[in-house]
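Let me begin by presenting the structure, written as structure tokens, before commenting on it.
The values are calculated or read from the model by the stated rules, or taken from the named source; none is laboratory data. Because the structure is a prediction, the values reported are computed rather than measured. FYI the Cβ positions are ideal-geometry reconstructions off the backbone, even for glycines, and counts take in every protein chain you see. Ligands, DNA and RNA are excluded from the accessible area calculation, which covers all protein heavy atoms including side chains. Shrake-Rupley method; radii C 1.70, N 1.55, O 1.52, S 1.80 Å.
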Amino acid sequence: MEKKTAEDKASGYGSGSADTLISAGEVLKQAEKLAEKNRPTLAKLRAMTHAHSPKNTDAAKSDSDTQAFLEMQAIVSGYGRMQVLHSLDLCIGKGMALCLIGPNGSGKSTVLNTLFSMTRLFSGKIFINQQDISRLQSNQMLSKAGISYLLQDNSIFPNMTVEENLFMGGFLKPNTHDAHKAAEEILLKYDRLRARRNKKAGVLSGGERRLLEISRSLIMNPDVLLIDEPSIGLEPRFIDMIFEIISDLKNSQGKTIVMVEQNAKKGLAFADIGYVLVSGHVVMAGKASE
């Protein structure tokens with residue numbers, strides 16, 4: 001075969017070049033092979049979760065038959081007829097944090113959407129505290145399962161004040177007095193919000209808006225927080241602030257957290273356990289620091 005010259009190679013941006021080109025379909029096929037070869041089993045995920053949970057005794061640490069506090073078992077889910085997650089398992093202990101990382105389109109946000117019943121569940125089951133919540137509707141997840149979802153998109157009400165935004169988080173409270181009391185507790189905790197309680201939320205900085213979103217999600221005192229890209233679009237100083245707050249929620253208040261984060265270094269530094277997703281499969285899982 002005649003040797004390729006520089007002119008024969010495919011050129012990329014700048015001065016780069018490539019000897020071999022493969023299609024996006026071939027990339028997907030190879031990624032699925034990798035997923036099938038390395039995918040950890042539910043038993044391994046359970047054992048790993050128990051091993052890294054500070055609240056478990058030594059006797060229970062390797063028990064792969066003991067269900068974790070939050071589990072997804074053999075989940076197949078997606079949108080319409082399109083399947084995005086393929087027999088995905090997930091385990092996380094109470095008061096622990098799990099960070100999901102992976103390339104765009106790998107299914108990270110779909111995991112959170114599935115946990116909150118915002119996708120079509122083709123098959124599989126979801127458990128929290130050994131209770132099957134697979135068929136709950138999204139509007140029941142907070143009230144019946146204790147799960148709150150902090151979306152990636154800006155979800156504040158810009159024409160409402162900071163205080164009014166917090167009240168909106170208490171819409172499931174039995175009366176307005178309880179909602180006001182919960183909001184006041186939040187304002188006492190966070191000086192930045194207290195100083196702006198009567199300001200319209202639309203004038204807040206990006207970091208302050210994110211803080212308001214997190215605070216609003218706490219009004220109903222959920223057990224589990226689903227957080228999609230907490231650092232997206234924020235300056236470094238605000239990223240540090242948000243992660244300090246989330247760390248406090250886990251360490252001081254015992255919240256269980258499942259997070260999607262593109263900043264892998266930051267997300268894994270915070271989490272107890274990390275999963276790598278590729279094409280709707282968990283291809284790697286382990287202690288986040290590793």
Two pseudo-spin positions, 7 Å from Cα along C-beta at PHE157 and at ASN221, lie apart in nanometres by 2.4 nm
Ranked by how many other beta carbons lie within 10 Å on average, peptides 270-283, 124-137, 102-115, 141-154 from highest
270-283, 102-115, 141-154, 124-137
Accessible area per residue, 1.4 Å probe, Å², for region 158-235: what's the number?
48 Å²
Two-site FRET efficiency, GLU164 against PHE122, from Cβ-Cβ distance with R₀ of 41 Å, rounded to 0.05
0.55
Give, in nm to one decimal, the length gained when the segment between ALA269 and ASP65 is fully stretched (0.36 nm per residue of separation minus the Cα-Cα distance).
70.6 nm
Length gained when the stretch HIS180-GLN253 is fully extended (0.36 nm per residue, less Cα-Cα span):
24.2 nm
Quick one: Cα centre-to-centre distance for region 214-290 and region 81-114, in angstrom?
13 Å
Magnitude of the charge dipole, region 158-290, Cβ model with Lys/Arg +1 and Asp/Glu -1, debye to 20
320 debye
